[in-house]
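Okay, structure first, notes after.
The values are calculated or read from the model by the stated rules, or taken from the named source; none is laboratory data. This one's a predicted model, so the numbers in the text were calculated from it and none came from an experiment. Methodologically, a virtual Cβ is constructed for each residue, glycine included, from the backbone with ideal geometry; neighbour enumeration extends over all protein chains shown. To get the accessible areas, we keep the full protein, side chains included, count just its heavy atoms, and leave off ligands, DNA and RNA. Shrake-Rupley method; radii C 1.70, N 1.55, O 1.52, S 1.80 Å.
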Amino acid sequence: EVAAAGGHNIVLKGPPGSGKTLLARAVPSILPPLTTASAMEVTRIYSVAGLLPSNTGLITNRPFRAPHHTISNAGLVGGGSIPRPGEITLAHRGVLFLDELLEFDPRVLEMLRQPIEDKTVTISRARQAVTFPASFILCGSFNPCPCGYAGDPERECVCPPQLISRYQRRLSGPLMDRIDLFVDVPRVPFEKLSGLSGGEKSEAVRERVARARQVQSGRFDGSPGHTNAEMTPPQVRDFAQRQLADGAGDVLKLAVERLNLSARAFHRLLKVARTIADLADSDGIETPHMAEAIQYRARIE
């Protein structure tokens, strides 16, 4: 919900069968509908890529792209002698889901760093350079180790510690720095699997997400930012840093010092806290909002 409301990148970590893929595939269902301008952007992209269905005039559903982990650089980012958009551009205004994130070639994952930061990707060739839009929510999932059961209270992990550490380090520090939310997804207990009572419906969550995005739309009226995740440094200062309550500022200072956060992580922390405050209908960022944002910065061991 926080990721959808603010357009933040999120990674889910947990054992096989815990529901990571199901959660990721449910993200589009809690995103608000595309605006007319965004729908036209997406339609133009699919038309250029030759992927626009013949009976479709305007794409109104948010894209959801889930490439296989064997994808190449050109397939993910785009390329070719005549530059064509890749998966990150086809996910524009939608969700790019990388299942089994640590199985992707690390060199391919590193190609995501610049598009995540700039929301565009430029493909240069001898005769021309083409810039494609790439504003998407990155949603990744992975098992904590090769066997999948490190830290699982029900099943013993058979991987040696050195192998677990080497496996998790396939995700580089600079790329991790660009991910806002790290969430552990534990095994679902039998009582919940066998229960007949349903959980909260996506429609209710989508209403809260839509309200938070309306707040952001008013906040960034006339500016290029559409969501909190797209705030520029001056916007972070004006709409987040200056609206910190005294206690929230103290918690933020402690987190920066204890966790040794980079300037990028500092700004991303403020953006997430701003989104959590928006979901709570709060003008200012209070201590609980900042504390929740900090706990999402959990790092891979």
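A few notes on this one:
- Centre separation in Å (Cα based) which lies between the stretch 127-184 and the stretch 3-40: 17 Å
- For the chain, the share of DSSP beta bridges that are antiparallel, to the nearest 5, is 30%.
- Peptides 137-150, 95-108 ordered by packing proxy, namely the average of other Cβ atoms within 10 Å per residue, highest first: 137-150, 95-108.
- Members of Lys192/Lys271; Lys192/Lys253; Lys119/Lys192; Lys20/Lys201 lying beyond 29 Å, as alpha-carbon distances in this model show: Lys192/Lys271; Lys192/Lys253; Lys119/Lys192
- A 1.4 Å probe run over the protein chains yields, for the chain, 51 Å² of accessible area per residue, whole-number rounding.
- Rounded D (µm²/s) - the stretch 55-170, Kirkwood Rh over Cα pairs, Stokes-Einstein at 37 °C, 0.692 mPa s: 206 µm²/s
- Shape of the stretch 20-93 from the C-alpha gyration tensor: oblate (a/c of 1.5 or more and a/b not above b/c, with a ≥ b ≥ c the square roots of its eigenvalues).
- Per-atom-type breakdown for the chain gives carbon and sulfur 53% of the accessible area (1.4 Å probe, protein chains only).
- With the simple model of a label 7 Å out from the Cα in the direction of the Cβ, Ser81 to Leu193 spans 5.3 nm.
- Prolate/oblate/rounded call for the stretch 149-276, Cα gyration tensor, a/c under 1.5 rounded: oblate
- Candidate values (i) 28, 26, 21; (ii) 30, 23, 18; (iii) 38, 20, 16, label of the one derived for semi-axes √(5λ) of the Cα gyration tensor in Å: (i)
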